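Peer 1: The structure under discussion is supplied below as structure tokens; questions concerning it will follow.
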Amino acid sequence: MAEITVTVNGKSYTRDVEPRMLLVHFIRDVLGLTGTNIGCETSVCGACTILMDGQAIKSCTQLAVQADGSSLTTIEGLASNGDLHPVQEGFWEKHGLQCGYCTPGMIMASVDLLQSNANPTEDEIRHGLEGNLCRCTGYHNIVKAVQYAAEKMQGGN
Amino acid sequence: MGKAIGQAIKRKEDPRLITGQAKYLDDIQLPGMVHAAVLRSPYAHAKINSIDTSEAESLPGVVGVFTGKDFADLNPLPCAWQAGGVNNNANTPRTLEIDKVTFTGAGVAVVVAESRYIAEDALALIHVDYEVLPVVVDAKKATEPGAPQLHENAPNNICMEWSCGDEAATDQALADADVVIKQSLRNQRLIPTPMEPRGAIGVFSPVAEDYTVYMTSQAPHVMRLLMTAFVFGIPENKLRCISPQVGGGFGAKIFLYPEYCMVAAVSKKLGGLPVKWMETRRENYIATTHGRDHVTEFEVAAKNDGTITGLKVETYANLGGTLSTIAGGIPTTLYGRLLSGVYKFPNIYCKVYGTYTNTGMVDAYRGAGRPEASYLVERAIDLVAQKLNMDPAEVRRVNYIPPEAFPYAPASNILNGLKYDSGEYEGALNKALELVDYKNLRQEQAAAREAGRLMGIGFSSYVEICGVAPSAWIGLNGEGWGAGLWESANVRVHLTGQVVVTTGSQSHGQGHETTMAQIAADLLGMDVADVRVEHSDTLGTPFGYGTYGSRSAAVGGVAIHNSVQKIIEKAKKIGAHMLEAAPEDVTFEDGKVFVKGSPDKAKTIQEVALAAAVAYDLPEGTEPFLDDTTYYDPPNCTYPFGTHVCIVEVDKDTGHVAIKRYLAVDDVGKKINPLIVDGQIHGGVVQGLAQGLWEGAVYDDNGQLVSGSLMDYALPKAHFLPMIETDSTETPSPVNPLGIKGAGEAGTIASAQAVVNAVVDALAPYGITHLDMPLTSQKVWEAIHSSGNGRE
Ligand code: FES
Ligand code: FES
């Protein structure tokens, strides 16, 4: 067992974990934050995407011990004071989700994308989300959701 | 109608989904829960001589290890839909296999441990003595002499031999035709891949001696029926099935699977400990059902003017190593019966062999049989066009069933007594041609060819059978479905004026909580926000058949409509009493009961609901409460249709196909929520495009699934695709009072052939007339370079 301390959605947690425990299992099973989903074991689907120190990572691809000392944001921590993040709002407004399983990861990846490119083209959005799979939407409304969020975050409406 | 049906409102279910608050199966934690991992056969065909679990049992943290022998008292899983009217040599899986395995991934043992990590560790400590047997993976080769035999009761691996249509008349049409084109094709195997894999949690109560099973199911009521009546042999009320939030299904989550029985049976063995099993993606690929996998030969006969005079089809449908729940109905009823497409083909015959092979089970996958039929028909049309040097749009036009022919019974009685409900096929084509500016497009194509670029235009005109019913047609004596296919709804208007709708269908992404609320709110004249839709728990809810075959709105939605109508009748009676008027003098409009002509003195539905619930003063003989349950069995299926156009450009040097434009003109009848319909079309279209260009499940000769992970199976990513343009025509279905046809599968049924036809059109200069899906860069490049004109 190894002791780690991580900040998740602004709250600090110190826990003993098995060295082999994946970060996504730590978040889901140890901390009980089940909004982050698991869709594969090959680091392809992106359902497990969270932010680590502000950057999108696939939490199934890291060990919990690697996260020691870092600050994580999961889907549960994205809205602030009950206000949805513009990306969450975009997914709702533009029907960017159906079954919703890819959605937490897709939203976190989109947040990261808009941090580095505030006004992406359609092509940049599509390439920016290539690490995240969605089986339901055909991506059409996901692109629109990200466009909506980009506009909103730049003060447009 | 009121104001809610037809509105593109945002979904009611989304707030929990976009904030991470939804509870999918893997999110459920129960006190004392233990975790199961399944040992799966690494061989595609083998006898199990013995299994030694002792080492695994002694690993710290392991709670129990079980093999098939521990569950020998459970029956094999049932096959609930066998092909109608013929002999089916049904062989189905067991909770865990005992003597032999017929595909890689079949479960042979289970470890239950304090954590999934420990359970997985223990799997490596189980020793199975297998006697490996020879393997066959191809649907047609399995029937040839000398092929390995999978099941004693199925000589030559044939599970069923089914046919529809008129063979003699079709042969005659082929003999008399101006042109006959013969083509073989493969409709490749696909892996449904909902982003949430399957899972289940079983809880046995030693006190009540009953079970609760949480499961990722599209049809929890049906699961309860199949598990209790067929596998466990216990009364239905001894099992409660709950589908929590379900992350996509696409057909693969309709079926009863061994693991759902396993978690229940294991929980009982462990004295009632909750047992969770969650599928890994690898397991999902090898142990959950696949779709399609047809080997087909067909002949199409036509006159020189493009009129098609006959279609004769022979298909070998791969069903896998054992039969899944409704496997038999997919390549028969849902395939052969649709081979007239949108056309007035005068002669049709189809013969289907369903065969066992050493591969994973094949069952319904989005569209289920209908994409296979539409693909074949639309390829046939293009082959005729190419042969006669006619415009493919024109060949479609001359063969369409005209609007005045509805209701239309396809020739040779291939629809077995049913008739297409309504259609305006040319209208959808005309709209599509106009939207893509077809004339100009062909000029653009000619210019591109001049410039040495390969542009292609592909069409797909389709019709599908949706809202599959009626029970008397589809049932055991007809199409072989082992039950009915009606749907239930319960509607209650509570005393606070809040409505609860309970449906027997199940939402795993379709948005029932929104669209079904729209139906009830519209008819009751209420706010959508005041209607709550409940589903997916068998406890205390009316039986329902679940969600598949684009049936939830067209059958389930109509059940809600009918219940609301009965509630309105009762509300009128009570409202009239409150208004001191005669029942026949009042009317119900916009949520209010009033005397005809005096809308200002009205009782709202909320006021009536309160009066009905407190029951202080009701008309004589009236029961309290506004509550009604309907079991709706439609008189016919519904038949959505449309025309899709795909425009591609093929890179000569690499064989890469770029989709330049995709337009879908669909007619799904009346739309409840256009936002949701469009979303269904987008997703459906992309699944079909994925079959056309990228996806394919590949087994090697040893029966190993080579495309066994998301690294190896080409699920489309965002940048593979353009925006999907959608438009529609609206021909209400006369089958139901809401005019709904259904929208869940339309996109998938239409799109694979649109892109394939486009690529073949682009490659026409090389004399290429057909390529089998998926049209990967390599395949296209090879086709160009092995054609006479392609060698440079
Ligand atoms: S779970 Fe699929 S990438 Fe992490
Ligand atoms: S919404 Fe279902 S996988 Fe994306």
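Peer 1: For residue A:36, only one of the following conditions fails: (1) in a loop (DSSP other than H, G, I, E, B); (2) touching a Ser or Thr at 6+ places or on another chain (Cβ under 7 Å); (3) open to solvent by 40 Å² or more (accessible area, probe 1.4 Å). What is its number?
Peer 2: (3)
Peer 1: Let me ask something else about it. Mind checking which strands (runs of 3 or more DSSP E) fall wholly inside segment B:586-663 and carry at least 2 residues that are without any contact (Cβ under 8 Å) to a residue 60 or more places away in the chain?
Peer 2: Answer list for segment B:586-663: B:586-589, B:592-595, B:602-604.
Peer 1: Filter the helices (runs of 4 or more DSSP H) completely within segment B:385-452 down to those with at least 2 residues that are under 23 Å from residue B:302 (Cα atoms).
Peer 2: B:392-399, B:425-436
Peer 1: While we're looking at this one, here's another question. What about residue A:112, is it charged (D, E, K, R) and in contact with a helix residue (DSSP H, G or I) (Cβ under 9 Å, 6 or more places away or on another chain)?
Peer 2: yes
Peer 1: Considering every residue within segment B:431-446, establish whether at least one is in the same structural domain as residue B:369 (by TED's automatic domain parsing) and surrounded by 23 or more Cβ atoms within 10 Å (Cβ to Cβ).
Peer 2: yes
Peer 1: Now a separate question. Which residue out of A:89, A:18, A:41, A:93 is more than 15 Å from ligand 1 (Cβ to nearest atom) and over 21 Å from residue A:155 (Cα atoms)?
Peer 2: On inspection, the qualifying residue turns out to be A:18.
Peer 1: How many residues are within 16 Å of ligand 2 (Cβ to nearest atom) and in contact with a strand residue (DSSP E or B) (Cβ under 8 Å, 6 or more places away or on another chain) when one looks only at segment A:41-57?
Peer 2: Of the residues in that region, 3 qualify.
Peer 1: Here is a follow-up. Can you find, within segment A:10-40, the residue that is farthest from residue A:61 (Cα to Cα) among those that are within 16 Å of ligand 2 (Cβ to nearest atom) and small (Gly, Ala, Ser)?
Peer 2: This residue is A:35.
Peer 1: Another question, if that's okay. Please determine, by comparing only the residues of segment B:106-150 that are under 28 Å from the mean Cα position of the chain (by Cα) and under 20 Å from residue B:68 (Cα atoms), which one is surrounded by the most Cβ atoms within 10 Å (Cβ to Cβ).
Peer 2: Here the residue is B:106.
Peer 1: Considering segment B:695-737 alone, what residues qualify as being away from every other protein chain (no Cβ under 12 Å), closer than 28 Å to residue A:45 by Cβ and not in a loop (DSSP other than H, G, I, E, B)?
Peer 2: B:699, B:705
Peer 1: How many of the residues making up segment A:113-157 are within 14 Å of another protein chain (Cβ to nearest Cβ) and either β-branched (Val, Ile, Thr) or surrounded by fewer than 13 Cβ atoms within 10 Å (Cβ to Cβ) (or both)?
Peer 2: 7
Peer 1: So, one more: Evaluate segment B:526-542: report whether one residue or more is assigned to a helix (DSSP H, G or I) and in contact with a strand residue (DSSP E or B) (Cβ under 7 Å, 6 or more places away or on another chain).
Peer 2: Yes, there is a match, as at least one residue in segment B:526-542 is assigned to a helix (DSSP H, G or I) and in contact with a strand residue (DSSP E or B) (Cβ under 7 Å, 6 or more places away or on another chain).
Peer 1: Here's something else I'd like to know. Pull up segment A:86-100, narrow it to residues that are open to solvent by 10 Å² or more (accessible area, probe 1.4 Å) and within 15 Å of the chain's Cα centre (by Cα), then point me to the one that is nearest to the other protein chains (Cβ to nearest Cβ).
Peer 2: Selected residue: A:89.
Peer 1: Turning to a different aspect of this structure: Take the residues of segment A:96-119 that are of a type outside the set (Ser, Thr, Tyr) and more than 19 Å from residue A:47 (Cβ to Cβ): which is nearest to ligand 2 (Cβ to nearest atom)?
Peer 2: Looking at residues that are of a type outside the set (Ser, Thr, Tyr) and more than 19 Å from residue A:47 (Cβ to Cβ), I get A:114.
Peer 1: In segment B:11-53, how many are surrounded by fewer than 16 Cβ atoms within 10 Å (Cβ to Cβ) and within 14 Å of chain A (Cβ to nearest Cβ)?
Peer 2: 8
Peer 1: Looking at B:208, B:219, B:200, which one is more than 14 Å from chain A (Cβ to nearest Cβ) and within 20 Å of the chain's Cα centre (by Cα)?
Peer 2: Result: B:219 is the single residue among B:208, B:219, B:200 that is more than 14 Å from chain A (Cβ to nearest Cβ) and within 20 Å of the chain's Cα centre (by Cα).
Peer 1: Is it true that residue B:283 is assigned to a strand (DSSP E or B) and surrounded by fewer than 24 Cβ atoms within 10 Å (Cβ to Cβ)?
Peer 2: When the stated conditions are applied, residue B:283 does not pass them.
Peer 1: Now for a separate question. Please state which one of B:321, B:310, B:367, B:328 is in contact with a His (Cβ under 9 Å, 6 or more places away or on another chain), in contact (Cβ under 8 Å) with a residue 24 or more places away in the chain, not hydrophobic (A, V, I, L, M, F, W, C) and not assigned by TED's automatic domain parsing to the domain that holds residue B:77.
Peer 2: On inspection, the qualifying residue turns out to be B:321.
Peer 1: If you don't mind, another one. Applying the selection to segment B:740-768, what residues are farther than 24 Å from residue B:435 by Cβ and outside any helix (DSSP H, G or I)?
Peer 2: B:740, B:763, B:767, B:768
Peer 1: Residues in segment B:70-93: is at least one over 20 Å from residue B:264 (Cβ atoms) and among the acidic types (Asp, Glu)?
Peer 2: no
Peer 1: Please count how many residues of segment A:98-135 are outside any helix (DSSP H, G or I), more than 16 Å from ligand 1 (Cβ to nearest atom) and touching a residue at least 12 places away in the same chain (Cβ under 8 Å).
Peer 2: 4
Peer 1: Being loosely packed, with under 15 Cβ neighbours inside 10 Å, under 28 Å from the mean Cα position of the chain (by Cα) and at pLDDT 95 or above is the requirement here; does residue B:69 meet it?
Peer 2: Here the answer is no, as residue B:69 does not meet what is asked.
Peer 1: Could you tell me how many of the residues in segment B:737-775 are β-branched (Val, Ile, Thr) and either under 18 Å from the mean Cα position of the chain (by Cα) or more than 28 Å from residue B:338 (Cα to Cα) (or both)?
Peer 2: Here the count works out to 3.
Peer 1: Restricting attention to segment A:33-70, which residues are touching a residue at least 24 places away in the same chain (Cβ under 8 Å) and touching an Asp or Glu at 6+ places or on another chain (Cβ under 6 Å)?
Peer 2: Within segment A:33-70, A:33, A:35, A:56, A:70 qualify.
Peer 1: A follow-up question, please. Restricting attention to segment B:672-681, does a residue exist that is more than 12 Å from chain A (Cβ to nearest Cβ) and in contact with a Phe, Trp or Tyr (Cβ under 8 Å, 6 or more places away or on another chain)?
Peer 2: Within segment B:672-681 (the criterion being more than 12 Å from chain A (Cβ to nearest Cβ) and in contact with a Phe, Trp or Tyr (Cβ under 8 Å, 6 or more places away or on another chain)), the answer is no, since none of the residues qualifies.
Peer 1: Looking at segment A:41-69, which of its residues are assigned to a loop (DSSP other than H, G, I, E, B) and open to solvent by less than 10 Å² (accessible area, probe 1.4 Å)?
Peer 2: The answer is A:45, A:46, A:47, A:48, A:59.
Peer 1: Now for a separate question. List the strands (runs of 3 or more DSSP E) that sit entirely inside segment B:135-217 and contain at least 2 residues that are over 26 Å from residue B:91 (Cβ atoms) and touching a residue at least 24 places away in the same chain (Cβ under 8 Å).
Peer 2: Ranges flagged: B:179-190, B:199-205, B:210-215.
Peer 1: Mind checking whether some residue in segment A:71-84 is away from every other protein chain (no Cβ under 12 Å), surrounded by 19 or more Cβ atoms within 10 Å (Cβ to Cβ) and in contact (Cβ under 8 Å) with a residue 60 or more places away in the chain?
Peer 2: yes
Peer 1: Also: Just one of B:769, B:748 is buried (at least 24 other Cβ atoms within 10 Å of the Cβ) and more than 10 Å from every other protein chain (Cβ to nearest Cβ); which is it?
Peer 2: B:748
The values are calculated or read from the model by the stated rules, or taken from the named source; none is laboratory data. No experiment lies behind these values; they were computed from the predicted model shown. FYI the Cβ positions are ideal-geometry reconstructions off the backbone, even for glycines, and counts take in every protein chain you see. With ligands, DNA and RNA removed, areas are computed over all heavy atoms of the protein, side chains included. Shrake-Rupley method; radii C 1.70, N 1.55, O 1.52, S 1.80 Å.
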